[in-house]
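None of the figures in this text is laboratory data; all of them are computed from the coordinates on show. Small disclaimer: the values here were computed from a predicted structure and weren't measured. As a convention, Cβ positions derive from the backbone with ideal geometry for all residues, glycine included, and neighbour counts pool all protein chains shown.
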């Protein structure tokens, strides 16, 4: 599969999941919604692997890395994002989570000893700056005196845990296993973790049988998790964790496009300049996707 198609698919799917998540909030506690989402995704992906005859022997080390991936990327990350969205506007959440592109660069350097490529760093900074201009009005309303600071702390902590999960996926140990069985195993570990968190929260284990909740749950499980994360983990192996992280900068634009059509979002001149910066950064990432790939991956430590 061409890299650009996988990249675009992740952007389009995750950009639209922002609205699907809104249907998950309300009747069912966020802890149980996260648990349902990843448990269903785990069952579906494992069933697909069994139907296709995809098997893998993981060993102790493989199980440890799969558990780490599941807990950080599919567990703690999402619980923190859901908590952060209770105190922040969607624009601030988008800007905060776009720093994942920088977090990936730093974590890859620290844990994988991957060299920092200045063009990739520059593209990430351009994208984050552009996204900040797009959501400039919401940022201007940020206050240090209310719970928005708490929401920001949750979202920034989420980017750190997501970056740690990405680094695990980029390790030599994780890349030894077929992507689909390894992802399915990680999802099963995340399911157990999320269920334990939900039980510890004391929230009642209930389910909303309404069309909005069940349809959004299916979309988030199948498209937002099984398909998008499989493509994303493949991208990490193909272009590196730093470049794959740029998806976090581009995907809010999909949500903003939906908002423009259905909610009447008006583009200011500053927002248009920000959009141009994001496009330039995206073009840099695409142009650089094949450069230094071998050097980037072979210099990483065995994970």
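Choose one answer from 278, 139, 168: the residue with the largest mean-square fluctuation in a GNM of the chain with alpha-carbon springs under 10 Å.
Looking only at 278, 139, 168, the largest GNM fluctuation is found for 139.
Using a 7 Å offset from Cα along Cα-Cβ at residue 51, what residues in region 224-260 end up with backbone N under 14 Å from the label point?
So the set is 227.
At a threshold of 8 angstrom on Cα-Cα distance, excluding pairs fewer than six apart, so keeping six or more, what relative contact order does the chain reach in percent? Please report the intermediate quantities before stating the final value.
Working: 435 pairs, mean separation 121.9, N = 303.
Relative contact order, the chain: 40 percent.
Between region 19-46 and region 196-212, what is the separation of their alpha carbon centroids in Å?
Distance between centres, Cα-based: 9 Å.
How do 49, 10 rank when sorted from fewest to most other Cβ atoms within 10 Å of their own Cβ?
Numbers: 49 19, 10 23.
The most exposed by this proxy come first: 49, 10.
In Å and whole numbers, how far do the C-alpha atoms of the chain stretch along each principal axis, longest first?
So the three principal-axis extents are 54, 50, 34 Å.
For residue 60 and residue 276, FRET efficiency with R0 = 41 Å and r from the beta-carbon atoms, rounded to 0.05? Each step should come with its number before you reach the end.
Details: r = 50 Å, r/R0 = 1.21.
For R0 = 41 Å, the calculated efficiency reads 0.25.
What is the calculated FRET efficiency for residue 200 to residue 237, with r their C-beta to C-beta distance and R₀ = 35 Å, to the nearest 0.05? Could you put the intermediate results ahead of the total?
On the way: r = 34 Å, r/R0 = 0.98.
E(calc), rounded to 0.05, equals 0.55.
Provide Rg and Dmax in Å for region 86-202, with only Cα atoms included in the calculation.
Rg and Dmax of region 86-202, Cα atoms, are 17.1, 48 Å.
With n ≥ 4 as the cut-off for DSSP H runs, can you work out [θ] at 222 nm for the chain, using -39500 (n - 2.57) per run divided by the number of residues, rounded to the nearest 500? Don't skip to the answer; put the middle values down first.
Values: 17 runs with 227 residues, N = 303.
The per-residue figure over the chain is -24000 deg cm²/dmol.
Taking the Cβ of each residue in 21, 279 as the centre, tally the other Cβ atoms inside 10 Å and list the residues starting with the fewest. Can you show the working numbers first?
Numbers: 21 21, 279 15.
In order of increasing Cβ crowding within 10 Å: 279, 21.
Using 0.36 nm per residue, how much length does the chain from residue 125 to residue 257 gain when fully extended, once their Cα-Cα distance is taken away? Display every interim value, and only then the final one.
Values: separation 132, 0.36 × 132 = 47.52 nm, distance 2.20 nm.
Result for the pair: 45.3 nm of gain on full extension.
If each residue's Cβ is checked for other Cβ atoms within 10 Å, how do 48, 234 rank with the fewest at the top? Each step should come with its number before you reach the end.
Working: 48 14, 234 19.
Lowest count first: 48, 234.
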